[in-house]
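The values are calculated or read from the model by the stated rules, or taken from the named source; none is laboratory data. In this text the structure is predicted, and so the values were computed from the model without any measurement. No Cβ is skipped: glycine too gets one built from the backbone with ideal geometry, and neighbour counts run over all protein chains shown.
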Amino acid sequence: DFLTEIILCYLSGNLVHNLALHQKATQSSENSQLGAAGHAVDGKRDASFQRGSCTHTEEESDPWWRVDLGNEYTIAAVTVTNRDEHENMLDGAEIWIGNSIDTNNIKNSPAKGRYVTVLLRGSKKVLSLCEVEVFVPNYERPLPNVALKGEATQSSTLSGAAASKAIDGRRNSYYSDWFCSHTAEGQTDPWWRLDLRQTFVIVSIKVTNRGDCCAERLDGAEIRVGNSLQNNGNDNPRCATISHIRAGKTSTYQCDGGSMEGRFVNVVIPGKSKTLTLCEVEVYVAPAVQSLLNVALNKPTAQSAVSMGGSASRAVSGCSSGVYKHGCCTHTAQMRDPWWRVDLLAVHKVGAVTIFNRVDCCSERLVGVQIRIGNSLEHNGMKNPRCGVISSLDGKKTFTFQCNFMEGRYVTVMVPGASKVLTLCEVEVYAFPAGMTLEYYV
């Protein structure tokens, strides 16, 4: 098993995106092309040097490796993945963070900087790293307000108080300053709608009420989120009901625990003789799934049985060829309820799971497959909550299921029934560790 060592350099705040990923890396020397400095920031925690994912210096005095983050950051944690062939090779290695690249006179702060350096002091030393990940606290990269890039409309407009006034980035709550939207007075079910231009997983919505008068007008308003424009979007699922927002104040509403999905955000006041005024609406969203890392890659795996050399680890190798002889697919024996499982090594919030099917034969074996996510190993993880089911193939070779950030350490793929064979040519799990804060990369 490979060794992954997490060194906490800054303890406050939650962790987010790996800043080191695909950044420019250098090292004191290079033993071979196979040991290039960039291998430690390629996103692969593969601990085998022979598979080309680790760095390697010459034998020398004080070898070092460095990544340039491009800007100065406060660093929360650095994760280093060691080689599995030489587990003691990193003994005594130091991690330095700062704005200097002078390894002979390091006086960098152990918490803030542009450069992260791994230094191994001594003579006749070799420095080899299989992955270096650098994380910042959540306040370094706040969630963006995507409402600013949306388009707003409303049921009617009074005296030029357009719907767009509520997404101008200003929480000025005085209507006379012309920063608030306003429908005609005395309407039935007045509404305001924001088109985010694409579907997002919405974490929270902030609403600023009018401050110079009439704060009670917003009482009972409903926030609705979804992808339908039926009834002007007012029939979409409800995120929250506004009981009351004090004059000039801003209230925050969590949508379904921070996982409601939709393109349209509506604010509607049900009833007769109503007037809707909004001084600002802000929408904060989760990262797009494609921005998340495949955390299953090279993680420990298991399955109910092995047949035809189709070991469980093949499904997290990074190779997704559906041709069995290419050596990328798993294979169980024919049996009842065969299963396959990956251990993510920590509890994660799973955004999506992608499964690659075999293409040279037997693709129908995947029909009925279930994806289960959770923390239990009871019945080999098959009792954990279900993310999705492959009910039909529809000519597809890959299947992606949105899991709405279900929490779990184990992802199990199983097919119920007698005389079944389970073959998976790759399983990708897009997720982030539980306790970290979501971030959307615009």
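Among the residues making up the range 338-355, a single one is modelled with pLDDT of 95 or more and either farther than 12 Å from VAL411 by Cβ or among the polar types (S, T, N, Q) (or both): PRO338. Across the range 1-29, the number of residues qualifying as at pLDDT 85 or above, within 22 Å of ASP91 (Cβ to Cβ) and part of a loop (DSSP other than H, G, I, E, B) comes to 2.
Scanning the range 31-43 for residues that are modelled with pLDDT under 85 and either over 14 Å from VAL134 (Cα atoms) or surrounded by 17 or more Cβ atoms within 10 Å (Cβ to Cβ) (or both) yields ASN31, SER32, GLN33, LEU34. Would the range 317-335 turn up any residue that is modelled with pLDDT under 95, under 30 Å from PHE200 (Cβ atoms) and outside any loop (DSSP other than H, G, I, E, B)? No, every residue in the range 317-335 fails to be modelled with pLDDT under 95, under 30 Å from PHE200 (Cβ atoms) and outside any loop (DSSP other than H, G, I, E, B).
Taking the stated definitions as given, is LEU120 buried (at least 20 other Cβ atoms within 10 Å of the Cβ), under 30 Å from LYS44 (Cβ atoms) and either out of contact with any helix residue (DSSP H, G or I) (no Cβ under 9 Å at 6 or more places or on another chain) or small (Gly, Ala, Ser) (or both)?
Values: buried (at least 20 other Cβ atoms within 10 Å of the Cβ): yes; under 30 Å from LYS44 (Cβ atoms): yes; either out of contact with any helix residue (DSSP H, G or I) (no Cβ under 9 Å at 6 or more places or on another chain) or small (Gly, Ala, Ser) (or both): yes.
Against the criterion (buried (at least 20 other Cβ atoms within 10 Å of the Cβ), under 30 Å from LYS44 (Cβ atoms) and either out of contact with any helix residue (DSSP H, G or I) (no Cβ under 9 Å at 6 or more places or on another chain) or small (Gly, Ala, Ser) (or both)), LEU120 qualifies.
Could you run through the range 315-358 and say how many residues are free of Cβ contacts under 8 Å to residues at least 40 places away in the same chain and in contact with a Ser or Thr (Cβ under 9 Å, 6 or more places away or on another chain)? Total satisfying the criteria: 1. Taking the listed residues VAL265, VAL347, the one that is surrounded by fewer than 23 Cβ atoms within 10 Å (Cβ to Cβ) and either assigned by TED's automatic domain parsing to the domain that holds LEU218 or not basic (Lys, Arg) (or both) is VAL347, with no other qualifying. The requirement of being at pLDDT below 85, under 18 Å from HIS39 (Cβ atoms) and among the β-branched types (Val, Ile, Thr) is satisfied by VAL78.
Does VAL285 meet the test of being under 20 Å from PHE399 (Cα atoms) and either modelled with pLDDT under 95 or in contact with a Phe, Trp or Tyr (Cβ under 9 Å, 6 or more places away or on another chain) (or both)? So VAL285 fails the test.
Select from the range 386-442 the residues that are modelled with pLDDT of 80 or more, more than 14 Å from TRP339 (Cα to Cα), part of a loop (DSSP other than H, G, I, E, B) and touching a Leu at 6+ places or on another chain (Cβ under 6 Å) and list them in ascending order. Of everything in the range 386-442, just one residue is modelled with pLDDT of 80 or more, more than 14 Å from TRP339 (Cα to Cα), part of a loop (DSSP other than H, G, I, E, B) and touching a Leu at 6+ places or on another chain (Cβ under 6 Å), namely ILE390.
Among the residues of the range 178-206, those that are surrounded by fewer than 19 Cβ atoms within 10 Å (Cβ to Cβ), within 16 Å of ARG263 (Cα to Cα) and not acidic (Asp, Glu) comprise ARG197, GLN198, THR199, SER204. Note on the range 182-256: enclosed strands (runs of 3 or more DSSP E) holding 2 or more residues that are touching a Ser or Thr at 6+ places or on another chain (Cβ under 9 Å) and among the hydroxyl-bearing types (Ser, Thr, Tyr) are 191-208, 250-254.
Looking only at residues of the range 93-115 that are assigned to a loop (DSSP other than H, G, I, E, B) and touching a Gly at 6+ places or on another chain (Cβ under 7 Å), we find that the one that is modelled with the highest pLDDT is ASN99.
Candidates in the range 142-155 are the residues that are surrounded by fewer than 14 Cβ atoms within 10 Å (Cβ to Cβ) and not aliphatic (A, V, I, L, M); of these, the one that is farthest from TYR73 (Cα to Cα) is GLU151.
Just wondering, is there one or more residues in the range 163-177 that are in contact with a strand residue (DSSP E or B) (Cβ under 6 Å, 6 or more places away or on another chain), surrounded by fewer than 21 Cβ atoms within 10 Å (Cβ to Cβ), at pLDDT below 95 and under 18 Å from ILE242 (Cβ atoms)? Within the range 163-177, one or more residues are in contact with a strand residue (DSSP E or B) (Cβ under 6 Å, 6 or more places away or on another chain), surrounded by fewer than 21 Cβ atoms within 10 Å (Cβ to Cβ), at pLDDT below 95 and under 18 Å from ILE242 (Cβ atoms).
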